[in-house]
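Read the figures in this text as sums done on the coordinates, not as results from a lab. Computed from a predicted structure; not experimentally measured. We place every Cβ from the backbone using ideal geometry, glycine too, and count neighbours over all the protein chains shown.
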Amino acid sequence: MPFVGFAAEVLFDYANKRNDDDLLELVVVRTGQKQFSELIRDYLKRITYGDDGWAAHVELPIYGRAHVVVNPHVAFGLPLVTEGGARVEDLVDRFLAGDAITSIADDFGVPAEQFEDVIRVATRTAT
C-alpha cells in the first residue's frame, strides 16, 4: 500500500481559553497563523473522545462512499471499513493479488461500491 505522509500542527482555540464567542478562532501554535475555524471544526467533529480525553474513534473523510474509521483499540489502529469490519490493508492486498472485486467484497461483507471506493483511494498515486 502506498505511504501517505501527514503533517500535524497544534491548534489553540482562543475562544475557549477566553470564554469569548466573538473570538472563535483557531490559531497554529508554532506559526501564529489563523485557520478557517469552521472547516477545522467540521473535521474535529469526526473525532470521538474517550473518557480519558484521548481520541477513541476517528472517521476518515478521504473516502466518499465507504465509511472508514480508525480506533486505536481495534485492529491496532489500522483503518477499517465499518460495514463488514474489514481492514483497508486486507482489501487492498487481495485486490493487488488479482482477486475479483465481487469475490473480495463478498468475503469481507463489504458492499461493492464501498470496496471500489476504498481501492480507488488507497491505490491512487500522488500527482
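Could you give the length gained on full extension between ASP90 and ASP106, defined as 0.36 nm per residue of separation minus the Cα-Cα distance, in nm?
Extra length available between ASP90 and ASP106 comes to 4.4 nm.
How much net charge surrounds VAL68 when only other residues with a Cβ under 14 Å from its Cβ are counted (Lys, Arg +1; Asp, Glu -1)?
That works out to -3.
Around THR102, under 14 Å between beta carbons, what's the net of Lys plus Arg minus Asp minus Glu among the other residues?
Its environment carries a net charge of -4.
Taking a quarter of the surface of the convex hull around the Cα atoms of the stretch 48-127, what do you get in nm²?
Numbers: hull surface 23.5 nm².
Mean shadow area of the hull around the Cα atoms is 5.9 nm².
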